[in-house]
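Each reported figure results from applying straightforward, stated rules to the coordinates on display, with no laboratory input. Predicted, not measured: the structure shown is a model, and the values here were computed from it. Neighbour counts run over all protein chains shown; Cβ positions are idealised from the backbone, glycine included.
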Amino acid sequence: MVDVTSVSTKGQVVIPSHIREELGLDEGMQVVISRVDDFVVLKKVHILDPKEEFEKLTKTGQKHAKKLGIKSEEDVVRMIHEGRKRKN
């Protein structure tokens with residue numbers, strides 16, 4: 001099935017609801033847009049939220065530190081110095 005839509009004065013294009021539903025495109029989701037010859041191609045993408053990623057990294061780091069017995073900044077500095085001594 002082919003749908004016809006128009007471009008608004010702001011350059012906006014409506015993606016028909018049945019296509020949005022089929023692709024699982026919800027309000028606020030991000031898409032990549034590119035041109036291939038005279039075609040316009042949209043691709044649904046998931047761009048990670050930097051804040052969420054930082055929180056995940058922090059939790060991972062905390063778990064790792066706990067396994068290593070790191071409880072303070074001084075523990076980290078001590079481990080760095082010990083590691084340097086072993087290298088020499």
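How many residues does segment 30-51 contain that are of a type in the set (D, E, K, R) and part of a loop (DSSP other than H, G, I, E, B)?
Qualifying residue count, segment 30-51: 3.
Yes or no: segment 8-17 includes at least one residue that is on the phi < 0 side of the Ramachandran plot and within 24 Å of the chain's Cα centre (by Cα). Before the answer, list the steps.
Residues of segment 8-17 that are on the phi < 0 side of the Ramachandran plot, as a first pass: 8-10, 12-17.
Imposing the further condition that a residue be within 24 Å of the chain's Cα centre (by Cα) reduces the set to 15.
Yes, that holds for at least one residue.
Would segment 54-70 turn up any residue that is of a type outside the set (S, T, Y), touching a residue at least 12 places away in the same chain (Cβ under 8 Å) and loosely packed, with under 11 Cβ neighbours inside 10 Å? Before you say what the answer is, go through the steps one by one.
Applying the first criterion (of a type outside the set (S, T, Y)) to segment 54-70 yields 54-57, 59, 61-70.
Narrowing further to those that are touching a residue at least 12 places away in the same chain (Cβ under 8 Å): none.
No, because not a single residue in segment 54-70 is of a type outside the set (S, T, Y), touching a residue at least 12 places away in the same chain (Cβ under 8 Å) and loosely packed, with under 11 Cβ neighbours inside 10 Å.
Every residue in segment 19-61 that is small (G, A, S) and touching a strand residue (DSSP E or B) at 6+ places or on another chain (Cβ under 8 Å), please.
Within segment 19-61, G24, S34 qualify.
Mind listing just one residue for me: the one in segment 22-43 that is more than 19 Å from T5 (Cα to Cα) and not hydrophobic (A, V, I, L, M, F, W, C) and, of those, surrounded by the most Cβ atoms within 10 Å (Cβ to Cβ)?
This residue is Q30.
Go through I19, I15 for me and flag whichever is out of contact with any Ser or Thr (no Cβ under 7 Å at 6 or more places or on another chain), surrounded by 10 or more Cβ atoms within 10 Å (Cβ to Cβ), part of a loop (DSSP other than H, G, I, E, B) and without any contact (Cβ under 8 Å) to a residue 60 or more places away in the chain.
I15
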